[in-house]
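Accompanying notes for the structure given below.
Where a number appears in this text, it was derived from the coordinates with a stated rule and is not lab data. Since the model is a prediction, treat every value here as computed from it, not as a measurement. Cβ sites come from the backbone with ideal geometry, for glycine too, and all protein chains shown count toward neighbours.
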Amino acid sequence: MFEQDLLSGKQVHLAEIDPDVDAVVEAAWTNDPCYRLLMEYDKPRGYTASELKKYYETHLKDSDEHRREFYFGIKANTDNRLAGVLAIPQVEWSNRVLHFHIGFGDVCDLQNWGAEAFNLALGYMFNELNTYLAVIRVPQFCHAMVEAAEDAGMQLSARRREVYYYNGRYWAELDFSLLRPDWFEHRKG
């Protein structure tokens, strides 16, 4: 038996994405290029609420049918507002490997709640989905997300040089990964 609810923490919880409500909030976040890169959205511009709603409706339907992708809203416990999004776009069940994205609409929310959101996400991935390896890609210029990944015990496993052009210069893409045994060791310590 779990000591605590798998999807709830002290300050935030993971909840099912509501395409009607959450797409409106997230659409404003997609105007930030850092957020678009963290979530790996394919358009070089912000999304409209209707585009995101359609995106989520399509992907949530695929998730229900195939159980290979998962989407959660990261919501504040105090007022249940959407603070961020956790996306697991594909699980490779045969290898027990997944790639995931976490994005926050406000850097302050990431700094305040990022560690807890990472712990909830990794707990879900390793305990519920029973994966062995979790990987997240972070642009080098997203310093707060790099710190959150490192604080969660993730290790820098790959660096692709000069992948992103942002703010007048090229930046690296950093791949952080965590193995299941390392996650349990990090949780103990």
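The table that follows gives values for the structure above.
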item	result
Range in the chain, longest, excluding exposed trypsin sites (Lys or Arg not before Pro) [loop by DSSP; at most 13 other beta-carbon atoms within 10 Å]	82-189
Sorted by Cβ neighbour density within 10 Å, fewest at the top, the residues Val138, Val24	Val24, Val138
Prolate/oblate/rounded label for the chain (Cα gyration tensor, a/c 1.5)	rounded
Neighbourhood net charge (12 Å Cβ-Cβ; Lys/Arg +1, Asp/Glu -1) for Arg36	-2
Eligible lysines near Lys61 by straight Cα distance, threshold 27 Å, same-chain separation 8 or greater	Lys43, Lys53, Lys75
Pairwise FRET efficiency - Leu129 versus Ser8, Cβ, R0 = 22 Å, nearest 0.05	0.80
From phi via Karplus (6.51, -1.76, 1.60), per-residue ³J(HN,Hα) for region 13-22 in Hz, x at Gly/Pro	9, 9, 9, 4, 5, 9, x, 5, 8, 5
Computed lengthening from Lys54 to Asp106, 0.36 nm per intervening residue step minus Cα-Cα distance	16.4 nm
Loop sites in region 15-111: chymotrypsin sites (Phe, Trp or Tyr not before Pro), DSSP, at most 14 other Cβ within 10 Å	Trp93
Neighbour-limited loop hits for GluC sites (Glu not before Pro), region 1-53 (at most 13 other Cβ within 10 Å; DSSP other than H, G, I, E, B)	Glu3, Glu40
Environment charge at Thr58 (Cβ cut-off 14 Å; Lys +1, Arg +1, Asp -1, Glu -1)	-3
Segment Val24-Arg81, extension gain: residue separation times 0.36 nm, minus the distance between their alpha carbons	19.3 nm
Estimated FRET transfer efficiency (Val97, Arg161; beta-carbon r; R0 41 Å; 0.05)	0.95
